[in-house]
Amino acid sequence: PKVALMKIRNLALLLMGVGLCFGGVNTQAQVRILPLGDSVTSSMAPHLSYRYWLWHLLTDRGFDVDFVGTQWGVANGAPAQTDFDMNHEGHLGWTTADGVQSINSIASATVPDIVLLDLGANDVGDDIPHGVSKSNLMTIIETLHAVNPGVVIVMALPAPFVGQNRRGMSQLRGAIKRAAKIERRAGVRVTVVNLAAGFNPRRDTFDGTHPDESGEKKIARRYFNVLRKLLR
């Protein structure tokens, strides 16, 4: 009977040490996490980036993770501290259009299990229509899903910055939510994390745009609260 065969197969998998999955992530294998975004993801020397704090939040709690990406460290030099996995895919000035142009090579080079996707803030500054941003983000997600059908996309609502176009950012966040909803309906595992909540660009950035230590910690905590549920 099919039920008996399924029980036998499941028992065999357990005996071989195959872990349980939550949201498509195997919790016994090392989990490949791709931080993908603009300068908030990369940060700039000598700042650490949110990735430093997130790495320590995860590893200090025993999660076995591997940050992946074709970039290393931070932009324009080295971070002040180097005791973390420094691979990433953050690029200064990147828009969603830049992401679309490079996503095929990034996806094939990294094959991530989880993607921390934070793109779109620069679209507002470059006057890219929010409908185009939505389409670009969906292309990025679908490309990642094609490479790994079990991938989980953690898609960010970007943090605010001084002098932002409030209306444009509001439209962008709406477009991101709509993209996530459409992709979920198509069977892609997508969740949205709000990096704007509790983030004050006058107190949490070193230049009005890029997170300082307090801003980095806030972003790291937002991501961690999502990731710990995926990885438990």
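The values are calculated or read from the model by the stated rules, or taken from the named source; none is laboratory data. What you are looking at is a predicted structure, and each value in this text was computed from that prediction instead of being measured. As a convention, Cβ positions derive from the backbone with ideal geometry for all residues, glycine included, and neighbour counts pool all protein chains shown. Surface accessibility is based on the protein's heavy atoms, side chains included, excluding ligands, DNA and RNA. Shrake-Rupley method; radii C 1.70, N 1.55, O 1.52, S 1.80 Å.
Which one is nearest to Val151 (Cα to Cα) among residues in segment 99-130 that are of a type in the set (D, E, K, R) and crowded, with 18+ Cβ neighbours inside 10 Å? Selected residue: Asp113. Taking the criterion of being open to solvent by 60 Å² or more (accessible area, probe 1.4 Å) and aromatic (Phe, Trp, Tyr), the only residue of segment 186-232 that qualifies is Phe206.
Each row is one residue, and each column tells you yes or no for (1) of a type in the set (A, V, I, L, M, F, W, C); (2) modelled with pLDDT of 95 or more; (3) within 14 Å of Phe206 (Cβ to Cβ); (4) part of a helix (DSSP H, G or I).
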residue	(1), (2), (3), (4)
Thr41	no, yes, no, yes
His47	no, yes, yes, no
Trp53	yes, yes, no, yes
His56	no, yes, no, yes
Thr59	no, yes, no, yes
Gly62	no, yes, no, no
Asp66	no, yes, no, no
Pro79	no, yes, yes, no
Thr82	no, yes, no, no
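Residues are listed down the side, and each one gets a yes or a no for (1) closer than 19 Å to Pro35 by Cβ; (2) in contact with a Ser or Thr (Cβ under 6 Å, 6 or more places away or on another chain); (3) free of Cβ contacts under 8 Å to residues at least 60 places away in the same chain:
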| site | (1), (2), (3) |
| --- | --- |
| Lys134 | no, no, yes |
| Asn148 | yes, no, yes |
| Gln171 | no, no, yes |
| Ala175 | no, yes, yes |
| Arg178 | no, no, yes |
| Asp204 | yes, yes, yes |
| Gly208 | no, no, yes |
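Phe67 fulfils the conditions (1) within 13 Å of the chain's Cα centre (by Cα); (2) closer than 14 Å to Leu230 by Cα except for a single criterion, (2). Scanning segment 135-185 for residues that are among the aliphatic types (A, V, I, L, M), part of a helix (DSSP H, G or I) and open to solvent by less than 10 Å² (accessible area, probe 1.4 Å) returns Leu137, Ile140, Ile141, Leu144, Met169, Leu172, Ala175, Ile176, Ala179, Ala180.
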